[in-house]
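A.B. asks: Provided herewith is a single structure, encoded as structure tokens, for subsequent inquiry.
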Amino acid sequence: MSADHDAALYRAIAEGSPDAFIFADRDGIIRLWSPAAERLFGFTAAEALGRSLDLIIPENLRARHWEGYRRVMATGVTAYGSRLLSAPALRRDGSRISTEFSMTLLSAGDGPVYGSGAILRDVSERWAREKNLRTRLAELEERCGATAPPPGSLAAD
């Protein structure tokens, strides 16, 4: 396969995926915004491209995000490269959603990092169900006056 064919294949995967693909340069400026990112966040590519990641980062999380982002861009080292991350995000209408995402740092071989790519999905419904279950479990435990024994304890066997 040729490099052009490979590039077309990667583009088709990114554009056809139900998960959002975003790439931001080392300054945190959005340079790639997939059709699924449009559906997830409500911003068209034309509205998102060239703008800061602040577009989707809740204001109360921005300082922490940028501290970590700048450190990773400078060092090329992240603890999150092989982990699934969870974070709230903003939609165009101002509503918050719960997301899970994986990220990758991009560089030209041994050169400096030139940005970060992320694959994101909305997990708001699952998060709300799990929160509801945790609340219900806490209420049941309170009513019974006891908590479940820890796994592996004699009382649990």
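So that you can scan it fast, the table gives a plain yes or no per residue for (1) without any contact (Cβ under 8 Å) to a residue 12 or more places away in the chain; (2) under 16 Å from the mean Cα position of the chain (by Cα):
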| residue | (1), (2) |
| --- | --- |
| ALA12 | yes, no |
| GLU15 | no, no |
| ASP19 | no, yes |
| LEU32 | no, yes |
| ARG62 | yes, yes |
| TRP66 | no, yes |
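A.B. asks: Only one of these is β-branched (Val, Ile, Thr) and touching an Asp or Glu at 6+ places or on another chain (Cβ under 6 Å): THR44, THR104. Name it.
C.D. replies: THR44
A.B. asks: If you take just the strands (runs of 3 or more DSSP E) that sit entirely in segment 1-96, which of them hold at least 3 residues that are crowded, with 17+ Cβ neighbours inside 10 Å?
C.D. replies: Passing ranges, in order: 20-25, 30-33.
A.B. asks: What is the one condition in (1) at pLDDT below 80; (2) surrounded by 12 or more Cβ atoms within 10 Å (Cβ to Cβ); (3) of a type outside the set (D, E, K, R); (4) not in a loop (DSSP other than H, G, I, E, B) that ALA148 does not satisfy?
C.D. replies: Failing condition for ALA148: (4).
A.B. asks: Please verify whether LEU105 is surrounded by 14 or more Cβ atoms within 10 Å (Cβ to Cβ), in contact (Cβ under 8 Å) with a residue 24 or more places away in the chain, under 29 Å from ARG31 (Cβ atoms) and in contact with a Gly (Cβ under 9 Å, 6 or more places away or on another chain), treating the condition exactly as stated.
C.D. replies: yes
A.B. asks: Something else now. Say we look at segment 111-141 and pick out the residues that are small (Gly, Ala, Ser) and under 19 Å from the mean Cα position of the chain (by Cα); which of these is surrounded by the fewest Cβ atoms within 10 Å (Cβ to Cβ)?
C.D. replies: It comes out as ALA128.
The values are calculated or read from the model by the stated rules, or taken from the named source; none is laboratory data. If you're wondering where the values come from, they're calculated on a predicted model, not measured in any experiment. Cβ atoms come from the backbone with ideal geometry, glycine included; neighbour counts cover every protein chain shown.
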